[in-house]
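What follows is calculated from the coordinates using simple rules that are stated; it is not laboratory data. Nothing here was measured: the structure is a model prediction, and the numbers come from that model. Methodologically, a virtual Cβ is constructed for each residue, glycine included, from the backbone with ideal geometry; neighbour enumeration extends over all protein chains shown.
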Amino acid sequence: MATLELSIDQDVAVSPIRRTRRLGPLFWAAIAWMSLVFAAAALASLLPFSPTDMDMLERRAPPSALHWLGNDGLGRDELARLIYGARISLTVGLCAPIIGITIGGALGMLAGYFRGRFETLVVGSMDVLLAFPPLILALAVTAYLGQSILNLTCILGVLGIPAFMRVARAATLTLARREFVIAAQALGATHARILLRELLPNVFLPLFAFFLLGVAVTIVVEGALSFLGLGVPPPISSWGSMIGEGRESLEIAPRLAFIPAVTMFLTVLSFNLVGDTLRALTDPRQGAL
Amino acid sequence: MTEPVLLSVEGVAVDLPTPRGNLRAVDHVDLTIGAGRTLGIVGESGCGKTMLSRAILQLLPKKAKLSGRVMFDGQDLVRLAPERLRKLRGRSLAVVFQDPMTSLNPVLTIGTQLVETLQEHLELDGNAAKRRSAELLAAVGIPAPEQRLAQYPHQLSGGMRQRVAIAIALSCEPKLLIADEPTTALDVTIQAQILDLLAREQRRRHMAMILITHDLGVVAGRTDEVAVMYAGRVVERAPTPALFKKMRMPYTEALLAAIPKIDAAPHTPLPAISGRPPDPTRPIQGCSFSPRCRYAAGQCHREKPLLAQAESVDHQFACFHPIQVAAGVRA
């Protein structure tokens, strides 16, 4: 057979072309909204007004120069409650999926990589957890351990574990049979190294996209639980409990329910938009065959 | 062969349990390869070539059962402690896989994949490992290696990726390189380049190489010895020149005849081997090639021929009716 030597012009290969990435105005709007919410939540304690000071004469007062978004049914400043509520919603909304992604992701990867009895055990126990009605679990835990932000976060976190486990396991199952894993083994990599260096970067992408979706869902679920009175204890405000409280005066002052609802809607939408865009941008496999 | 024996495969058999019964993928294979020598393993798809290479590396699927011994450098790999085996892989034993599209991690840069292997086995610090990675990429014929280190596998062509895979395999100066159909997934013009690259690096580094392929043409000029496999068994084994001068096993002849000739007239039918390889879950009596062999006679269907010596010590084949006439071969 004839030998063909590669003769690529050095200059051509020196600067591999980088694709310019377009993000679009929607992405930036979402980022701006998220920054605003995060900044407000972080700087809430610097605000000159309190979310719990009541002014009984100003109940359901319309927006004014002093109270930009008006007052709620108990005469508390709506804007202050909204901002303090952002703290709770974001804390729970971020911490619960972090519990889910850590425990669920680890279990899923181990189950998908090692298979065997461990996998059966993990999948079985997750099925049990999935079959358990989440509302009953939330009721039972709050009744037993009391209503607190920590308990709420833990409940929502634990409820998220099975979904994260399934995403991680499914991704690991398909990846663990790919040749690069065998190649890593052939190069003398340990199980820990294969899991952390070869598989984790691959599994992390779908898991992170799912995480952002999980944040959005958790914020909504926390709202629903607070609406039902299972969320944060009063007088602490969260967006969900604000909607719940606003429901009582829906005919007189509908804005009391709508303002937190719109805030929640925009925040959840931003998380989804940013999540989708980031996934599309950071996935180096998009260019693969 | 004057070189000391580096790897000797002794009576290796691999059984895979399947829903349809036990599948014998590799059936008592004996092979030896000396330090710095090259061995070609040739056979059609499903004849057990890949399973044999995985058996040597101890990377068989979990359910597979392996018997026999794989002696590498005086140690039996089958019975070696996992930790020592792990240290041996990559360091002394390396492998290049068939498909460079899947054998590189898609989400890590080429640099990361090379550097980590180097750090793992040679305990180099970051900068030294990076310098050496660039040298390795240059050695396998990748232009602008420093820039390539920062790229992801999907930014490279198939041939480039296979060069990277070879660079990773060569990174720790292994004593034995197993190339499992390294060019099957590449187009023909790249094939020759990759094979020549492998041959060049093999000579330069004085490492032994097992070249697994289904193409007799590939092993022709590039190996010292050839083993032809069929249905999990080695059916003919000889030094490469001897094999091409005087092949004895009808299967080898059929394999060679199945290579398309570049100077054949257009629309010449390709002389394919009729029939299919036997179902490995149902072992057949007699020679496993007999149903497809044009020389097969009564004895072939009843008894299994054993690997026996031909004229020279090195030339072995398993056939009752070996080809007598010298096959005219253009390699």
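Quick one: Kirkwood hydrodynamic radius for the range A:94-154, alpha-carbon pairs, angstrom, one decimal? Write out the running numbers ahead of the final one.
Working: mean 1/r = 0.0762 Å⁻¹.
Over the range A:94-154, the inverse of the mean reciprocal pair distance is 13.1 Å.
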Extend 7 Å from the Cα of A:Arg115 along its Cα-to-C-beta direction; within the range A:150-183, residues with backbone N under 19 Å of that point are A:166-183
Phi angles of the range A:204-214, converted by Karplus (6.51 cos²θ - 1.76 cosθ + 1.60, θ = phi - 60°) into ³J(HN,Hα) in whole Hz with x for Gly and Pro, give 4, 4, x, 5, 6, 4, 5, 4, 5, 4, x
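Need one number: % antiparallel among DSSP beta bridges in the protein assembly as shown, to the nearest 5. Walk me through the intermediate numbers first.
Numbers: 30 of 49 bridges.
So the antiparallel bridges amount to about 60 percent of the total.
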Going from the fewest other Cβ atoms within 10 Å to the most, one would list B:Leu198, A:Leu230, A:Leu129 as A:Leu129, A:Leu230, B:Leu198
Averaged over all viewing directions, the convex hull of the alpha carbons in the protein assembly as shown casts a projected area in nm² of 37.1 nm²
Rounded to 0.05, the calculated FRET efficiency for the beta carbons of B:Thr184 and A:Phe38 at R₀ = 51 Å is 0.45
Taking the dipole of the protein assembly as shown about the Cα centre (Lys, Arg +1; Asp, Glu -1; charges at Cβ), the one of A:Ala80, B:Ala150, A:Ser50 that reaches farthest to the positive side is B:Ala150
In this structure, the FRET efficiency calculated for B:Ala272 and B:Leu306 from their beta-carbon separation, with R0 = 25 Å, to the nearest 0.05, is 0.35
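Can you give the charge dipole size of the range A:85-283 about its Cα centre, rounded to the nearest 20 debye, using +1 on the beta carbon of Lys and Arg and -1 on the beta carbon of Asp and Glu? Present the calculation step by step, with values, prior to reporting the outcome.
Details: 12 positive and 10 negative charges, 115 e Å.
In total the dipole reaches around 560 debye.
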Computed over chain B: longest principal axis from alpha-carbon atoms vs helix B:126-139 long axis, angle to nearest 10 degrees, is 40 degrees
Scattering profile of the range B:204-296 from the Debye formula, Cα beads only, expressed as log10 I(q)/I(0) at q = 0.16, 0.21, 0.24 Å⁻¹, is -0.77, -1.16, -1.34
Honestly the range B:1-131 on the Cα gyration tensor test (a ≥ b ≥ c root eigenvalues; a/c under 1.5 rounded, otherwise a/b vs b/c for prolate or oblate) is just prolate
Dipole check, the protein assembly as shown, charges on Cβ (K,R +1; D,E -1), about Cα centroid: among A:Thr153, A:Ala138, B:Thr32 the Cα furthest to the positive pole belongs to B:Thr32
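Where nothing but the Cβ of Lys and Arg (+1) and of Asp and Glu (-1) is charged, how large is the charge dipole of the range B:206-330 around its Cα centre, in debye to the nearest 20?
On the way: 14 positive and 10 negative charges, 64 e Å.
Dipole magnitude for the range B:206-330 comes out near 300 debye.
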Log10 I(q)/I(0) at q = 0.12, 0.26, 0.28 Å⁻¹ for the range B:104-173, from Debye over equal alpha-carbon scatterers, is -0.24, -1.21, -1.40
Heads up, the range A:209-267 by the C-alpha gyration tensor (a ≥ b ≥ c square roots of eigenvalues; a/c under 1.5 rounded, else a/b over b/c prolate, else oblate) looks oblate
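Based on other C-beta atoms within 10 Å, arrange A:Tyr113, B:Tyr295 from fewest to most. Can you show the working numbers first?
Details: A:Tyr113 21, B:Tyr295 14.
Ranking A:Tyr113, B:Tyr295 by Cβ neighbours within 10 Å, fewest first, gives B:Tyr295, A:Tyr113.
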Its Cα gyration tensor gives the range B:59-192 an equivalent ellipsoid whose semi-axes in whole Å, largest first, are 27, 19, 13
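Quick one: net charge of B:Val235's neighbours, Cβ under 14 Å, K/R +1, D/E -1?
Numbers: positive: B:Lys49, B:Arg233, B:Arg237, B:Arg248, B:Arg292, B:Lys304; negative: B:Asp27, B:Asp30, B:Glu44, B:Glu236, B:Glu253.
Neighbour charge sum, excluding B:Val235 itself: +1.
Work through the residues other than B:Ile178 whose Cβ is under 12 Å from its Cβ and net out their charges, Lys, Arg +1 and Asp, Glu -1.
Numbers: positive: B:Lys49, B:Arg54, B:Arg89, B:Lys175; negative: B:Asp180, B:Glu181.
Residues near B:Ile178 contribute +2 overall.
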Per the Kirkwood formula over distinct C-alpha pairs, the hydrodynamic radius of the range A:85-283 in angstrom is 18.3 Å
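Please report, in debye to the nearest 20, how large the charge dipole of chain B is about its Cα centre when each Lys and Arg carries +1 at its beta carbon and each Asp and Glu carries -1 there. Don't jump to the answer; show the numbers that get you there.
Working: 40 positive and 32 negative charges, 101 e Å.
In debye, rounded to 20, chain B gives about 480.
Among DSSP beta bridges lying fully in chain B, give the percent that are antiparallel, nearest 5.
Working: 29 of 48 bridges.
Within chain B, antiparallel bridges account for around 60 percent of the total.
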Beyond 30 Å (Cα-Cα) in this structure, taken from B:Lys63/B:Lys246; B:Lys175/B:Lys304; B:Lys87/B:Lys304; B:Lys49/B:Lys304; B:Lys62/B:Lys246, we find B:Lys63/B:Lys246; B:Lys175/B:Lys304; B:Lys87/B:Lys304; B:Lys62/B:Lys246
From DSSP H assignment alone, runs of 4+ in chain B each adding -39500 (n - 2.57), the sum over residues rounded to the nearest 500 puts [θ] at 222 nm at -9000 deg cm²/dmol
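Relative contact order for chain B: what percent, with Cα pairs under 8 Å and sequence separation of 6 or more?
20 percent
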Rg/Rh of chain B (Cα atoms, Kirkwood Rh), to two decimals, equals 0.98
Comparing B:Leu270, B:Leu136, B:Leu118 in a Gaussian network model of chain B (Cα, 10 Å), the one with the largest mean-square fluctuation is B:Leu270
